[in-house]
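The structure appears right after this line, and notes come after that.
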Amino acid sequence: MSSLHSPEETPTSTAVTVSFDEEPLILVDPDDNVVGHQSKYLTHQGRGLLHRAFSIFLFDSLGRVMLHQRAADKPLWPGYWTNACCSHPRRGETLEQATARRLQEELGTVTELYYCYRFIYQAQFKNVGSEHELCAVYIGQLTEHSPPLAPNPTEIAAHGWYHLSEVDRWIDEDPGAFTPWFLIEWTRLRRDFQQKITALNV
């Protein structure tokens, strides 16, 4: 990691397991029509089954973005850096319900989220499994009035707040440090949604 980055490690005393192999995920077609349900474990085997997912980017009043390092025990991309929160709605959950749940489970906080776009990607992690997702991307802001962050160590090994230009340089220096979905999403957010990110402070 570049000397530019000084992440804060997550204390292990707050560990609560919130991810389970048997979670029933929502399988979809490319138009986001539900075609079935499958356990999280089986959904991520082989080339992966296309399923509904989401990614959340959190910013602060200084315009910095929060990144986190995935916990070492995560089956896919352990130890890689990524955005504030990324997960899946479970069977019967809306995206709004799932994003609120996951912010609380992973980061111990709540905030209003704003939808940006969605996209399909597929990425293989070694011979372990794959992500094949129809992913909705959201942004939100934490302020001095937001509940303080309480990262869950079963999900997050470390985290930090970074200026956007610093993240750009970090990616240029070491793109292999990041999850594949983060690299795709960051490029699109920086290109097409800077005005919407700036408006979080208005």
- [ ] Among the candidates Leu189, Leu149, single out the residue that is more than 20 Å from Ala123 (Cβ to Cβ), within 16 Å of the chain's Cα centre (by Cα) and either outside any helix (DSSP H, G or I) or not β-branched (Val, Ile, Thr) (or both).
- [x] Leu149
- [ ] Scan segment 110-137 and report the pairs whose first residue is within 23 Å of Val34 (Cα to Cα) and whose second residue is surrounded by fewer than 17 Cβ atoms within 10 Å (Cβ to Cβ) and of a type in the set (S, T, N, Q), with Cβ atoms within less than 6 Å and a gap of 6+ or a chain change.
- [x] Gly129/Gln45; Ser130/Gln124; His132/Gln122
Open item on the list: Residues that are within 19 Å of Leu62 (Cα to Cα) and surrounded by 14 or more Cβ atoms within 10 Å (Cβ to Cβ): does segment 117-133 have at least one?
Closed with: no
- [ ] Hey, can you tell me all the residues within segment 165-182 that are surrounded by fewer than 16 Cβ atoms within 10 Å (Cβ to Cβ) and part of a helix (DSSP H, G or I)?
- [x] Ser165, Asp168, Arg169, Asp172, Glu173, Pro175, Gly176
TODO: Please determine, by comparing only the residues of segment 192-202 that are without any contact (Cβ under 8 Å) to a residue 12 or more places away in the chain and of a type in the set (A, V, I, L, M, F, W, C), which one is farthest from His68 (Cα to Cα).
DONE: Val202
Task: Answer residue from segment 129-145, given it is among the small types (Gly, Ala, Ser) and more than 13 Å from the chain's Cα centre (by Cα) and is farthest from Gly48 (Cα to Cα) among those - done: Gly129
TODO: Run down Asp60, Asp73 and say which single residue is under 23 Å from Asp174 (Cβ atoms) and of a type in the set (D, E, K, R).
DONE: Asp73
TODO: Could you pull out the residue among Leu67, Leu49, Leu62, Leu95 that is surrounded by fewer than 21 Cβ atoms within 10 Å (Cβ to Cβ) and within 15 Å of the chain's Cα centre (by Cα)?
DONE: Leu95
Task: Search result, residues across segment 153-191 that are in contact (Cβ under 8 Å) with a residue 40 or more places away in the chain and charged (D, E, K, R) - done: Glu155, Glu166, Arg169, Glu173, Asp174, Glu185, Arg188
Open item on the list: Quick test of your reading of the structure: Gln104 fulfils all but one of (1) out of contact with any Leu (no Cβ under 9 Å at 6 or more places or on another chain); (2) polar (S, T, N, Q); (3) under 29 Å from His163 (Cβ atoms); (4) touching a residue at least 12 places away in the same chain (Cβ under 8 Å). Name the failing condition by number.
Closed with: (4)
Task: Meets criteria (farther than 26 Å from Arg169 by Cβ, modelled with pLDDT of 95 or more and not aliphatic (A, V, I, L, M)) for Tyr80 - done: no
Open item on the list: I'm checking my understanding of the structure. Among residues of segment 35-46 that are in a strand (DSSP E or B) and touching a residue at least 12 places away in the same chain (Cβ under 8 Å), which one is surrounded by the most Cβ atoms within 10 Å (Cβ to Cβ)?
Closed with: Gln38
TODO: Given the conditions (1) touching a residue at least 12 places away in the same chain (Cβ under 8 Å); (2) in a loop (DSSP other than H, G, I, E, B), report the number of the one that Pro78 does not fulfil.
DONE: (1)
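How about segment 47-75: which of its residues are of a type in the set (A, V, I, L, M) and outside any strand (DSSP E or B)?
Matches in segment 47-75: Leu49, Leu50, Leu62, Ala71, Ala72.
The values are calculated or read from the model by the stated rules, or taken from the named source; none is laboratory data. Quantities reported herein were computed from a predicted structural model and do not represent experimental measurements. Every residue, glycine as well, gets a Cβ built from its backbone with ideal geometry; the counts of neighbours run over all protein chains shown.
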